[in-house]
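Written out below as structure tokens is the structure these notes cover.
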Amino acid sequence: MDYFDVNLDLSDEDLALKEAAHKFAKEVMRPVAKELDQMTPEEAIAEKSPLWSFFRQGYELGYHKILLPDYVGGLALNPLQMNIVMEELGWGSFGLACQIAVVSFPALGAMYSNDEELIEKITIPFCECTDGSIRGCWGATEPDRGSDLLAMGEPIYHDPKVRCNCTAKREGDEWVINGQKSAWVSSGTISTHCMLHVQTDPSKGMAGFGACLVPMDLPGVSKGKPLDKMGQRDLNQGELFFDDVRIPANYMFVDPDFHEGIMEMLLTNANVWMASWATGLARAAFEEAFSYCKERVQGGRLLMEHYSIKQRIFSMFARVETSRAIARAAANLNFNISPGFPEYSMTAKITATENCLQNAHDAIQLLGGNGLTKEYLAEKLYRDARATLIEDGNNEILARHGGHTLLEYYPRNRDDI
Amino acid sequence: MAIFESSAKMKEIFGEIWTDMVNNTDFGKELKEAGITIGFVVTDPDVVMYVDEKGPIFDEEAEKKTPVVTMKMAGDTVHSFWLKKLNVPKALALRQIKAKGPVSKVLKILPLLKPGQEKYPSYCEKYNLPMD
């Protein structure tokens, strides 16, 4: 189902991008996501899994490099286009949308390194890849440090008592990595490269982190089992282990001085992407419910003719429009200034994810018993939506960090830009 | 003490560098092809520059323009950048540089400025600017 876009200034290019992304979401993502959802996590990454076909088709269309600018071979979408395309991918499947974005993190990190060797070795080949054979992951979360890692600027972030699970020590021209990352590393067990956050200076607590690039075929790297989850089962996640893994010194591209800043930047960007995907999921739930209510007869008339159902459907529509508006506003702001203002991204992420869960919940309620069965999409949307309130920063912790940001910066001054 | 002793001196140096880049490298052509114009709002010393494929203009004239990308930074940060001693993404994250304009265009500027960075040490020698 198409939607009316309240932005009357969309260009022909914007509309073409939207149409192409919707076609991919409908014809590739939805069927693949449905299959993966019903597989075990091991089956989902086995040789014959449809996941690989999804990657091949997605890479051919360039969706894996959606976050990258054109000077390194990326798609170079403007903020509005990025929002439009991401919403469509989120409509197709939140998990797969997240999957095809997170694979670019090492390439993105190499680009931020400002190191031409890393850009040549990691970013450019990734952008040129069309068969899905180069896949990155984002190794931030740890068994003992989940959303804590998003407490930049807060006292706990600088507490030296905080010990981390993955560390690196400098030895000559190399860094030696030891430890583990938690089972929530997206794309973890299928990755060829990792953008890895490691503690390099324990005396600074979490502020003593650095970030590095790790080819996952290095000696000492091992991967855990793919995680078995209630929702977003099409998004591969799993533990990573590092046992005396040696990387060249320049692969540690973020030192502790830079780390807090880059984490804030990543949070600011990632929360905007999350809000766009969540808008797509909220829209999918709205469409499922709306279509059903226009066909299903109860009490002698269509569900849609019942007073309370009209109200409920309208609330679902309003949540979609609200989510899109706030996601686009955050994208327009934070993809047009550097550094961005994270409080606006967090507002968008929290609002859009709560809206998508509420819409998925309402869709099941409106579909009644059918909504609980695997025959209908609603139950998968509900399970997928539930995870969004936790991933990329638990919403309560984001709100706490948002409050901290307001305390520091509110009201923002135009001269801050 | 600031690297650039005065606004006038900074304008003299960068007037020469930008003109050199536009006339003697592909910078102007590439800037035009990329659809980028750049504004620099420099503090210590205070200078406003606007650069497009035709070259630089300064202060009141520059302030009337609407560049695609605007970058705000201190004069010493400008100097570090041209000496290739500044990690721009890091400087952005740490607010040493504040940029307005599409982030993809901000990042795209960096490779376009390489010819100028290659020439900059010779300007440092000419104008007696430190290179440490």
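The values are calculated or read from the model by the stated rules, or taken from the named source; none is laboratory data. The structure presented is a predicted model; accordingly, all values stated were derived computationally and were not measured. Glycine also receives a Cβ, built like all others from the backbone with ideal geometry; neighbour counts cover every protein chain displayed.
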Among all residue pairs at least 6 apart or on different chains, which show Cβ distances below 7 Å where the first residue, located in segment A:230-254, is assigned by TED's automatic domain parsing to the domain that holds A:L213 and modelled with pLDDT of 95 or more and the second is in a strand (DSSP E or B) and of a type in the set (S, T, Y)? A:L235/A:S186; A:Q237/A:S186; A:F241/A:S222
Turns out the helices (runs of 4 or more DSSP H) fully within segment A:20-138 with at least 1 residues that are surrounded by 21 or more Cβ atoms within 10 Å (Cβ to Cβ), at pLDDT below 95 and within 13 Å of another protein chain (Cβ to nearest Cβ) are A:105-113
B:Q96 fails exactly one of (1) closer than 24 Å to A:R412 by Cα; (2) in a helix (DSSP H, G or I), namely (2)
Kindly evaluate A:A207 against the criterion of being part of a helix (DSSP H, G or I), in contact (Cβ under 8 Å) with a residue 24 or more places away in the chain, under 24 Å from the mean Cα position of the chain (by Cα) and within 16 Å of A:A387 (Cα to Cα). no
Report, by residue number, each residue of segment A:262-309 that is of a type in the set (D, E) and within 14 Å of another protein chain (Cβ to nearest Cβ). A:E264
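Residue-by-condition table, conditions (1) among the aliphatic types (A, V, I, L, M); (2) more than 18 Å from the chain's Cα centre (by Cα); (3) assigned by TED's automatic domain parsing to the domain that holds A:P50:
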| position | (1), (2), (3) |
| --- | --- |
| A:G109 | no, no, yes |
| A:N114 | no, yes, yes |
| A:E154 | no, yes, no |
| A:C164 | no, yes, no |
| A:R170 | no, yes, no |
| A:A183 | yes, no, no |
| A:G188 | no, no, no |
| A:L196 | yes, no, no |
Quickly run through segment A:210-232 and pick out the residues that are in contact with a helix residue (DSSP H, G or I) (Cβ under 8 Å, 6 or more places away or on another chain) and not in a loop (DSSP other than H, G, I, E, B). A:G210, A:A211, A:C212, A:L213, A:V214, A:K223, A:G224, A:K225, A:P226
Filtered residue count, segment B:71-122, keeping only those that are among the charged types (D, E, K, R) and more than 9 Å from chain A (Cβ to nearest Cβ): 6
Just wondering, is there one or more residues in segment A:172-189 that are at pLDDT 95 or above and loosely packed, with under 15 Cβ neighbours inside 10 Å? yes
